[in-house]
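Asks: The structure follows.
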Amino acid sequence: MCKMFNVAVLGVSLLLTSVLVGCGGGDEVPSEFQEVMSKIVPATGKVTLAGEPLANATVTFIPVNDGADTASAVTDANGMYDLVTPLPGISPEESKGVAPGEYRVRISRFAMPDGSPIPAGMMEAEAEGEGAKESVPAKYSNFEATTLKVTVASPKAENNFDLEK
């Protein structure tokens, strides 16, 4: 059941990502997203696992309460991430950040049997068929079970969340 849920969430995430990649941000934010855009604040951090930077991991901030949007990012080679709240028609550069509030944090990194990341364009389910496995413990990688929580503060605060696991 959880695997099916994770695949469905990944599908929605990939769909939103493809919409964002295909849509350049115009000069003007669509009116339906102006309120959301006015609330988001920068949020960054570094993910380490067993003391080493975790590259190519997806970091997802899931709102604890209704009213906020989910934000996510993929870590770079040094484990660094810069959250983006995906909004249709708005470029990732324009929607960097997340609304203040409480979030559960999911960290996930599927890897091929040789340890390499899933090839670009390959769906998680397809990769699993080829032997890919989640490389982050379930207590951090499972949407329902994650034990990681953060509180994103107002714009005047520094929102840097280093996730050391």
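Asks: Looking at G115, G131, can you tell me which residue is among the small types (G, A, S) and closer than 24 Å to E164 by Cα?
Replies: G115
Asks: Taking the stated definitions as given, is A73 surrounded by 14 or more Cβ atoms within 10 Å (Cβ to Cβ), modelled with pLDDT under 90 and not in a helix (DSSP H, G or I)?
Replies: So A73 fails the test.
Asks: Something else about it: With respect to the numbered conditions (1) of a type in the set (A, V, I, L, M); (2) modelled with pLDDT of 85 or more; (3) touching a helix residue (DSSP H, G or I) at 6+ places or on another chain (Cβ under 9 Å), which one is the sole condition not fulfilled by L54?
Replies: Of the numbered conditions (1) of a type in the set (A, V, I, L, M); (2) modelled with pLDDT of 85 or more; (3) touching a helix residue (DSSP H, G or I) at 6+ places or on another chain (Cβ under 9 Å), the odd one out for L54 is (3).
Asks: Quick one: in the range 47-59, which of the residues that are at negative phi and surrounded by fewer than 21 Cβ atoms within 10 Å (Cβ to Cβ) is nearest to the chain's Cα centre (by Cα)? Don't jump to the end; show me each part of the working.
Replies: The first filter runs over the range 47-59 and keeps only residues at negative phi, leaving 47-49, 52-55, 57-59.
Right, trim to surrounded by fewer than 21 Cβ atoms within 10 Å (Cβ to Cβ) and you get 48-49, 52-53, 55, 58.
Working: T48: 15, L49: 17, E52: 19, P53: 16, A55: 13, T58: 5 Å.
Selected residue: T58.
Asks: Criterion first (crowded, with 16+ Cβ neighbours inside 10 Å, aliphatic (A, V, I, L, M) and not in a loop (DSSP other than H, G, I, E, B)) does A127 satisfy it?
Replies: Criteria met by A127.
Asks: S141 fails exactly one of the following numbered conditions: (1) exposed (fewer than 11 other Cβ atoms within 10 Å of the Cβ); (2) among the small types (G, A, S); (3) in contact with a Ser or Thr (Cβ under 7 Å, 6 or more places away or on another chain). What is the number of that condition?
Replies: (1)
Asks: A further question on this structure: Can you tell me which of T151, T146 is under 18 Å from the mean Cα position of the chain (by Cα), assigned to a loop (DSSP other than H, G, I, E, B) and either of a type in the set (F, W, Y) or modelled with pLDDT of 90 or more (or both)?
Replies: Just one listed residue meets the conditions, T146.
Asks: For the range 61-68, check the following and say yes or no: at least one residue is in contact (Cβ under 8 Å) with a residue 40 or more places away in the chain, buried (at least 18 other Cβ atoms within 10 Å of the Cβ) and not in a strand (DSSP E or B).
Replies: No, the range 61-68 has no match at all.
Asks: Then there's this: So in the range 136-151, with the set limited to residues that are in contact (Cβ under 8 Å) with a residue 60 or more places away in the chain and in contact with a Leu (Cβ under 9 Å, 6 or more places away or on another chain), which one is farthest from M112 (Cα to Cα)?
Replies: Checked the range 136-151; the qualifying residue farthest from M112 (Cα to Cα) is V150.
Asks: Being crowded, with 17+ Cβ neighbours inside 10 Å and at pLDDT 90 or above: is that true of I90 here?
Replies: Values: crowded, with 17+ Cβ neighbours inside 10 Å: yes; at pLDDT 90 or above: no.
No.
The values are calculated or read from the model by the stated rules, or taken from the named source; none is laboratory data. Just so it is clear, the model here is predicted, and its values are computed rather than measured. Here Cβ is always computed from backbone atoms with ideal geometry, including for glycine, and neighbour counts include all displayed protein chains.
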